[in-house]
1. Just one of the numbered conditions (1) open to solvent by less than 10 Å² (accessible area, probe 1.4 Å); (2) in contact (Cβ under 8 Å) with a residue 60 or more places away in the chain is not true of Arg78; which one?
2. In this structure, is Asp94 acidic (Asp, Glu) and touching a residue at least 40 places away in the same chain (Cβ under 8 Å)?
3. Out of curiosity, is Thr58 among the polar types (S, T, N, Q), more than 18 Å from Pro153 (Cα to Cα) and at pLDDT 95 or above?
4. Could you say whether any residue in segment 188-206 is assigned to a loop (DSSP other than H, G, I, E, B) and β-branched (Val, Ile, Thr)?
5. Can you give me the number of residues within segment 81-91 that are crowded, with 22+ Cβ neighbours inside 10 Å and not in a strand (DSSP E or B)?
6. Name the helices (runs of 4 or more DSSP H) wholly inside segment 215-326 in which the number of residues that are of a type in the set (Ser, Thr, Tyr) and closer than 29 Å to Glu133 by Cβ is 3 or more.
7. Tally the residues that are crowded, with 22+ Cβ neighbours inside 10 Å and charged (D, E, K, R), restricting the search to segment 12-52.
8. Given Ala222, Ala227, which one is at pLDDT 95 or above and surrounded by fewer than 15 Cβ atoms within 10 Å (Cβ to Cβ)?
Amino acid sequence: MTLETMPLSKALNAGMRKAMENDPKVLLMGEDIGKLGGVFRVTEHLQRDFGDRRVLDTPLAESGIVGTAIGMAMVGYRPVIEIQFDGFVFPAFDQITTQLAKLTNRHEGAISMPIVIRIPYGGHIGAVEHHQESPEAYFAHTPGLRVVSPSTPNDAYWMIQEAIASNDPVIFMEPKSRYWQKGEVELDASAVPLHSSRVVRTGSDVTLVGHGAMVTTLLQAAALAEAEGTSCEVVDVRSLSPVDYEPILDSVRKTGRMVYAQEAQGFGSIGGEIAATVMERAFYALEAPVLRVSGYDTPFPPAKLEGAYLPDADRILEAVDRSLAY
């Protein structure tokens with residue numbers, strides 16, 4: 001097995017490079033992704049190595065970018081779009097939800113839409129308005145879109161390749177605060193299925209569940225809980241639509257308790273949907289209600305207030321204590 005340690009941003013770069021090497025119909029589109037390599041340098045050197053006909057710098061026009069990609073997909077290309085920041089995706093929202101998500105169904109399966117839309121999302125980078133948001137629930141709510149989010153460099157490397165290979169549109173949510181987090185990448189291993197959850201830490205008392213950047217925070221909380229005598233199992237959801245529930249349900253049936261944590265606001269969220277499903281499907285295994293820890297139901301705050309807004313290990317541990325108190 002070939003292992004290489006790299007940050008999540010470089011793992012995404014390596015995964016896209018591999019996909020481009022394997023299929024000449026794969027091309028990249030986005031604002032400043034070419035010569036600059038993107039604001040987070042995720043596409044660094046790809047235009048240099050593949051040329052400006054496969055790594056395209058686009059105008060600042062998200063709706064136009066997605067619309068162009070839809071047309072390219074119709075004639076056989078596999079576009080990978082970068083939305084520079086999460087808050088910039090909304091000008092393209094109509095194209096994504098009204099056209100991209102519905103075209104295959106509208107044509108009764110006669111055409112496919114192999115488009116990946118990469119969205120850096122979430123907080124913890126001290127950015128300004130429109131540069132820190134968690135819009136994943138909008139897309140998970142839209143039939144016709146697949147929505148995934150890696151939490152580790154290894155997942156980033158493999159999941160981006162699987163997303164590009166999909167014949168359905170994939171919203172690829174990248175936790176921007178983890179771009180610089182390093183980890184081992186198995187360059188020649190078999191990929192874990194794209195739409196699968198996985199247990200990343202075993203435990204027996206409480207199940208902690210989350211996605212994206214929050215997985216690292218859950219692991220931190222689990223380590224602190226262990227020092228206090230509480231054993232927490234951590235499940236990384238990975239795929240937000242569809243959700244692979246079996247690893248989550250198996251864990252809850254073992255521990256009898258569950259806490260879901262996310263950066264997004266709580267109302268109408270991924271965490272709320274998963275909590276409701278666990279309550280329905282594992283009700284008799286539960287020793288306490290499923291609890292949720294989330295951002296607050298307000299717009300994402302200015303940078304100086306994000307520490308109070310975003311869930312941290314202490315807020316998760318408070319929920320663990322409440323769950324154990326039932």
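1. Result: Arg78 fails condition (1) only.
2. Answer is no for this residue.
3. Yes.
4. Applying the first criterion (assigned to a loop (DSSP other than H, G, I, E, B)) to segment 188-206 yields 188-197, 202-205.
In the following step, the residues that additionally are β-branched (Val, Ile, Thr) were identified as 192, 202.
Scanning segment 188-206, I find at least one residue that is assigned to a loop (DSSP other than H, G, I, E, B) and β-branched (Val, Ile, Thr), so the answer is yes.
5. Within segment 81-91, the subset crowded, with 22+ Cβ neighbours inside 10 Å is 81-83, 86, 89.
Pick out the ones that are also not in a strand (DSSP E or B) and you get 83, 86, 89.
Final tally of qualifying residues: 3.
6. Hits in segment 215-326: none.
7. 0
8. Ala227
The values are calculated or read from the model by the stated rules, or taken from the named source; none is laboratory data. All values reported here derive from a predicted model rather than from experimental measurement. Don't worry about glycine lacking a Cβ; one is built from the backbone with ideal geometry, like all the others, and counts go over all protein chains shown. Accessible surface is based on the protein model in full, side chains and every heavy atom, while ligands, DNA and RNA are left aside. Shrake-Rupley method; radii C 1.70, N 1.55, O 1.52, S 1.80 Å.
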